[in-house]
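In what follows, a structure is listed as structure tokens, so that the remarks can point back to it.
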Amino acid sequence: ILWLNLGNSFRNGSDRNNLNYEMYVSCLRKLCQQLDVPADNFRCELILQPGDRALQVASKTIRAIEKLKYEMSQIIDGLEILVVLDDVWNHEDVELFNFGEHMTSFFCMLLTTRTLDQEPSVGSQSINVDLLNIQEAIYLFSVEAGLSQSMDAQDIEAVDEIIQKCGYVPLAVRMAGRIMKSSQAIQADISLIEIAEIITSSSNSSKMVPVFAILDRSFEFVRNASEAFTLRLFFSAFAAVFCTDNTHRPWISSDVFELLWKAFVNSKILSNFYPNGSDLMRQKCARVSNLMCIMGLFDEKCMEDPMKAGVQKYFRIHHDLMWEYAKRISSTFRLCDGKLVGCIKHGVGACTICYPAEGDRQFCSNTLEWIKMITEEFMHDLRLSSSDNSGVVNSIHNYEGYMLEWYPIHMIKRSEAKAALVVLKNEFFFVKQLQCFGIMKSVYLIVSCVHNATSIDASNTLLMVDVLLFARDFLDKFSKTIELEDRTLKEIGYSLIILGGALQKYSKWIESLDFFIMSLDFFNSIGYGSDHSAIIRAERCIDACALRPILLVPTDSPNKLRLKHAKTVLMKHKVKSSTQFPLELISHPGYSIARMQENYIRVNGNNLSWDYVFLALGLESSALVVNYDEGLIKHENFVFTLALNAIQEGVPVILRSPTKNEDVQTEDEQMIRYNQSLKSAQSFSIAPDGIIYSTVVPHLCLGISPYPLLILVSINSPCKAIFQNLSELRSSQHMPTEKTHEIEKGQAKHLYDTDEGIVLELSSHPGMGIVTLHKKIEGPQTGNFRAGLGLGPFKNAITAKMNKKKEIIFTGEFEGLMLRPSAFKKKLAIGDVFMSSNIIDDTIDSRNILKYIVNNNGTISPMMFPKTVLGFQVPGEKKL
């Protein structure tokens, strides 16, 4: 029997009422725990690509969920399984757990729900659980309250009054029974009649459901009004402060419970109403936690403490409806500057009239106040206990559990991301996390902090990306420091995939590629074969990032592309029936034509402007959906176009917007020629075998570049280009041109061709060098030339030299062209493509973009962005 409470999966403050991908993965991992089987296959690793739109992301998510569903069905096939889904919020979720369709053995599902299923599954049976009758209600109440079967007439009358107040709702009757049992534990001399009077004394407001009404009365057994109010406030603080992305009822250790109670007691929260505090606030934490467990507010259990020897008590809110009740309490008052503020109209601390119980905004505001309270208490305790005043992460004290698991996320929720960053990037802190929680949980805690920080304030993105990079670098360094077991190496490999996936959410595609390459290295070091799920996973992630550009190739090239649905498209095109189809490929199964970048690049010049993006070979799930009509291939309002309107081998294919002409009244001869060349560059035909060829030059068709592009990568990336002879390149800028060739040629003749320059050979990629992807392309304006650059065989490597301005000038066949970004921008970024060209943009300071630094380790960095170097989408030490 496998059991899941789906209602507990939904996050606090979200309008969501059905499972998303991450929630589904979490549910499957819980099932694996119950089955006592590894959950390695069930991780949040949805593979996205730079050009994916919302529809493609949704499609990928559905496919990923179906794949996980099938994998779970294979795990339980052969067993007789009953899956119990408790508290279903959306009946569409039920089908996600119907593993029986892929099983040969017995499978059955039982679900509980508070919503009406308008379209029940065929073959299912519904059992409508009605309200209890009086005998059932009395029996349930007696069991929960621990009453004997023999009660006198007065007791029976009191119980009857209570269950009527509960509306014969099972949960309300059960809670009332627990309240009665706990009240007698608190006050042994209280009678059943007195308890009934307390429970039934609440108003009959239509807004108050029976369960909330009963829970409200549970505090009345604490006879002192100030103590009852204090408990309500503390209960709401606990619910608000300890709420995570995955659950709002986590288990909290007794020392963290104690910190919250200490912060509550030391605060001025009740100073406006009880200047001297309540008697309860002078009680020890252990008595308070015990009292709240007796009242049925908390569950309690003892577990091994990862930070201390022996066991420790842990607490959590008893039921999800109790958490909702705590949220309701926290929405009926207002905290300001650490104090409870009475409503203006009535002057009371908690007012359901001035502060409606449904007010999420008030709950969020109060939550922030509670978080300030506990973090300030923690820092105060830290200052007292830290003799060397060395900071948070260098102190060991009683509240280490809070420091490691809750402090960073609380600082983020206080909008103090920079303070959290200092902690999260501290090696001592991360080591303690790893010791206490293990690698996987520590990484998930980091990812949770990053996502919370960026969702609260998007300007935190750069700060939080640094945290992901720090975690990657630390795990890599840790693995090289000591010899690790295969199990630990496997965890590090999967952790890198999780971190890389988190990085992709911020469009850091090239950076995430580094993570996936490193994870593959870890899996290979264990000795996994090419068919192992970990290897396959890492390679798919790499494929999703390492996109190869689409360009014109000869129709007999082995690199040409062929469409999967060509015959269908041509048939519909013949009868002039417009249709949309995905650009999936039969020549490269599992792949498609996709966008290479997420954002379009804007081009301005000569009163003309347009947007474009490069096309590349991507995963099939990222396929562009296009229309083919009258020789044009269109995606939305963008058209397949040959770059620079040039129709020759090696020219990249782009997705281009219509041209905006600011001077529409003037159309000179040059503009006419430009429009004619554009029309030719956008004209394509589809052959029956699936190739897409230029209508103007039929022997050239769409294919993929055999070489990875030259791009910007991180200075520590495994994909960086390390050049073989950069010392000569650096020294050439200090010598007269005629001397340089003469002197150096005698020392290293193999470095030069017939013209001056050093062959751009690579030591990072043995046998490889920088090559051009095609011959020089002349642009629309006469005299403008360019050529794409990539990683190719050393025999084809081009030559270059550095001038006194620190510009890299190509020599030989490409003499006069300079190394430059493919698009001039005020700010360079990782992933920017580099090429050779003689075009300079006068609208910005393009000369600075053309300057480079030759580093001592053999790499080349743009002077404007020295933390990056030239590289590829292929790691070093590997041949193509």
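Within region 674-714, which residues are within 18 Å of Arg548 (Cβ to Cβ), of a type outside the set (A, V, I, L, M, F, W, C) and either in contact with a helix residue (DSSP H, G or I) (Cβ under 6 Å, 6 or more places away or on another chain) or not in a loop (DSSP other than H, G, I, E, B) (or both)?
Answer for region 674-714, where residues must be within 18 Å of Arg548 (Cβ to Cβ), of a type outside the set (A, V, I, L, M, F, W, C) and either in contact with a helix residue (DSSP H, G or I) (Cβ under 6 Å, 6 or more places away or on another chain) or not in a loop (DSSP other than H, G, I, E, B) (or both): just Gly703.
With respect to Ile654, is the statement that it is in a loop (DSSP other than H, G, I, E, B) and either free of Cβ contacts under 8 Å to residues at least 60 places away in the same chain or touching a Leu at 6+ places or on another chain (Cβ under 9 Å) (or both) true? Give the derivation first.
On the way: in a loop (DSSP other than H, G, I, E, B): no; either free of Cβ contacts under 8 Å to residues at least 60 places away in the same chain or touching a Leu at 6+ places or on another chain (Cβ under 9 Å) (or both): yes.
Answer is no for this residue.
Of the conditions (1) closer than 21 Å to Glu598 by Cβ; (2) out of contact with any helix residue (DSSP H, G or I) (no Cβ under 7 Å at 6 or more places or on another chain), Pro554 satisfies every one except a single condition; which number is it?
Exception for Pro554: condition (1).
Search region 429-468 for residues being modelled with pLDDT under 85 and open to solvent by 50 Å² or more (accessible area, probe 1.4 Å), and hand back the single one that is farthest from Cys364 (Cα to Cα).
Quick first cut of region 429-468, residues modelled with pLDDT under 85 only: 455-463.
Subsequent filtering for residues that are open to solvent by 50 Å² or more (accessible area, probe 1.4 Å) retains 455-459, 462.
Values: Ser455: 15, Ile456: 12, Asp457: 16, Ala458: 19, Ser459: 21, Leu462: 26 Å.
Checking each candidate, the answer is Leu462.
Does region 552-600 hold any residues that are of a type in the set (A, V, I, L, M) and touching a Ser or Thr at 6+ places or on another chain (Cβ under 8 Å), and which are they? Step through it out loud before you land on a result.
Restricting attention to region 552-600, the residues satisfying the condition of being of a type in the set (A, V, I, L, M) are 552-553, 561, 563, 566, 569-571, 575, 583, 585-586, 593-594, 596.
Those that are of a type in the set (A, V, I, L, M) and touching a Ser or Thr at 6+ places or on another chain (Cβ under 8 Å): Leu552, Leu561, Val569, Leu583, Leu585, Ala594.
Would you point out the residue of region 590-618, among those that are under 20 Å from Leu552 (Cα atoms) and among the aliphatic types (A, V, I, L, M), that is modelled with the lowest pLDDT? Spell out how you get there, then give the answer.
Going residue by residue through region 590-618, those that are under 20 Å from Leu552 (Cα atoms) are 591-597, 612-618.
Within this subset, residues satisfying the condition of being among the aliphatic types (A, V, I, L, M) are 593-594, 596, 613, 615-617.
Working: Ile593: 90, Ala594: 86, Met596: 79, Val613: 86, Leu615: 89, Ala616: 86, Leu617: 86.
Of everything passing the filter in region 590-618, Met596 is modelled with the lowest pLDDT.
So Asp629 clears everything in (1) at pLDDT below 85; (2) surrounded by 19 or more Cβ atoms within 10 Å (Cβ to Cβ) except one condition, right? Which one?
The one condition Asp629 does not meet is (2).
From Arg602, Arg537, grab the single residue that is in contact (Cβ under 8 Å) with a residue 40 or more places away in the chain and not hydrophobic (A, V, I, L, M, F, W, C).
Numbers: Arg602 fails: in contact (Cβ under 8 Å) with a residue 40 or more places away in the chain.
None of the others qualify; the one that does is Arg537.
Find all pairs meeting these conditions: Cβ atoms under 8 angstrom apart; at least six residues apart or on different chains; first residue within region 63-76 and without any contact (Cβ under 8 Å) to a residue 40 or more places away in the chain; second residue open to solvent by 40 Å² or more (accessible area, probe 1.4 Å) and in a helix (DSSP H, G or I).
As it stands, the answer is Lys69/His102; Tyr70/His102; Ser73/Glu101; Ser73/His102; Gln74/His102, since those pairs meet every condition given.
Return a yes/no flag: does region 732-755 have any residue that is at pLDDT below 85, part of a loop (DSSP other than H, G, I, E, B) and crowded, with 18+ Cβ neighbours inside 10 Å. Quick ask: steps written out before the conclusion?
Of region 732-755, the ones at pLDDT below 85 are 732-755.
Narrowing further to those that are part of a loop (DSSP other than H, G, I, E, B): 733-736, 748, 752-755.
Next, from what is left, pick out any that are crowded, with 18+ Cβ neighbours inside 10 Å: 752.
Checked region 732-755: at least one residue is at pLDDT below 85, part of a loop (DSSP other than H, G, I, E, B) and crowded, with 18+ Cβ neighbours inside 10 Å.
Of all helices (runs of 4 or more DSSP H) completely enclosed by region 491-609, which ones contain at least 2 residues that are under 26 Å from the mean Cα position of the chain (by Cα)?
Working: elements: 509-526, 533-545, 566-574.
The helices (runs of 4 or more DSSP H) meeting that bar are 509-526, 533-545.
I'd like the residue in region 419-428 that is over 20 Å from the mean Cα position of the chain (by Cα) and assigned to a helix (DSSP H, G or I) and, out of all such residues, is surrounded by the most Cβ atoms within 10 Å (Cβ to Cβ).
Filtering region 419-428 for residues over 20 Å from the mean Cα position of the chain (by Cα) gives 419, 422-423, 426-428.
Narrowing further to those that are assigned to a helix (DSSP H, G or I): 419, 422-423, 427-428.
Details: Ala419: 17, Val422: 15, Val423: 20, Glu427: 12, Phe428: 14.
For region 419-428, the residue satisfying everything is Val423.
Identify the residue in region 277-315 that is at pLDDT below 85 and among the acidic types (Asp, Glu) and, among all such residues, is least open to solvent (accessible area, probe 1.4 Å).
Only one residue fits best here, namely Asp305.
Whether any residue in region 73-87 is touching a helix residue (DSSP H, G or I) at 6+ places or on another chain (Cβ under 6 Å), outside any loop (DSSP other than H, G, I, E, B), of a type outside the set (D, E, K, R) and under 23 Å from Gly296 (Cα atoms) is what I want to check.
Looking through region 73-87, none of the residues is touching a helix residue (DSSP H, G or I) at 6+ places or on another chain (Cβ under 6 Å), outside any loop (DSSP other than H, G, I, E, B), of a type outside the set (D, E, K, R) and under 23 Å from Gly296 (Cα atoms).
With the structure loaded, tell me whether Ser59 is small (Gly, Ala, Ser), touching a Ser or Thr at 6+ places or on another chain (Cβ under 8 Å), at pLDDT below 80 and surrounded by 15 or more Cβ atoms within 10 Å (Cβ to Cβ) or whether it fails that test.
Working: small (Gly, Ala, Ser): yes; touching a Ser or Thr at 6+ places or on another chain (Cβ under 8 Å): yes; at pLDDT below 80: yes; surrounded by 15 or more Cβ atoms within 10 Å (Cβ to Cβ): yes.
So Ser59 passes the test.
Here are the criteria: (1) assigned to a helix (DSSP H, G or I); (2) open to solvent by 70 Å² or more (accessible area, probe 1.4 Å); (3) closer than 27 Å to Gln34 by Cα. Tell me which single one Ile65 does not satisfy.
(2)
The values are calculated or read from the model by the stated rules, or taken from the named source; none is laboratory data. The model shown is predicted, which means the values in this text are computed figures rather than measured ones. In this analysis, Cβ positions are derived from the backbone assuming ideal geometry, glycine residues included, and neighbour counts consider all displayed protein chains. Keep in mind that these areas ignore ligands, DNA and RNA; they rest on the heavy atoms of the full protein, side chains included. Shrake-Rupley method; radii C 1.70, N 1.55, O 1.52, S 1.80 Å.
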